[in-house]
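None of the figures in this text is laboratory data; all of them are computed from the coordinates on show. These figures come from a predicted structure and were not determined experimentally. Using ideal geometry, Cβ is built from the backbone for each residue, glycine included, and neighbour counts are taken over all protein chains shown.
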Amino acid sequence: MTMVLVDQEKVLVLRRALPAVTKVWLQEVLGVSETTWRSLRDGRPIRQSTYNRLLAKLERTRGRDVVRKA
């Protein structure tokens, strides 16, 4: 199992994508649990596969927002 340490600048970018840091928004926007979010926030490593899924979910969410605004 490959782990990745996400730098805090990227974590801040992820945080700004969230309307609020709640269980619902973490799942809706990033597709992660509160436990994974705490690991990111606290500078602990997460699974590479989780990080890849998180980035993909964020891109899909952003794409949906662009379509809604158009």
Item to check | Computed magnitude of the charge dipole of the chain (debye, nearest 20; Cβ of K, R +1, Cβ of D, E -1) | outcome: 200
Checklist outcome for this item: With Cα coordinates, the longest principal axis of the chain makes an angle with the long axis of helix 8-17, in degrees rounded to 10, of 30
Checklist outcome for this item: Once amide hydrogens are built 1.01 Å from N within the peptide plane, the residues lying 5 or more places from Val6 or on another chain with amide H under 5 Å from its amide H are Ile46
Item to check | Farthest toward positive dipole pole in region 3-69 [+1 Lys/Arg, -1 Asp/Glu at C-beta], among Ser49, Leu12, Thr61 | outcome: Thr61
Checklist entry - Each residue of region 52-61 in turn: what ³J(HN,Hα) in whole Hz from Karplus with 6.51, -1.76, 1.60 and θ = phi - 60°, glycine and Pro shown as x? => result 4, 5, 4, 5, 5, 5, 4, 5, 4, 5
Next on the checklist: Suppose we take every Cα in region 3-69 and form the convex hull; what volume per residue is that in Å³?
Outcome noted: 73
Checklist entry - When the chain is modelled as a GNM with alpha-carbon springs shorter than 10 Å, which of Val24, Val13, Val32 fluctuates the most? => result Val13
Next on the checklist: Whole angstrom only: what separates the Cα centroid of region 1-30 from the Cα centroid of region 38-59?
Outcome noted: 7
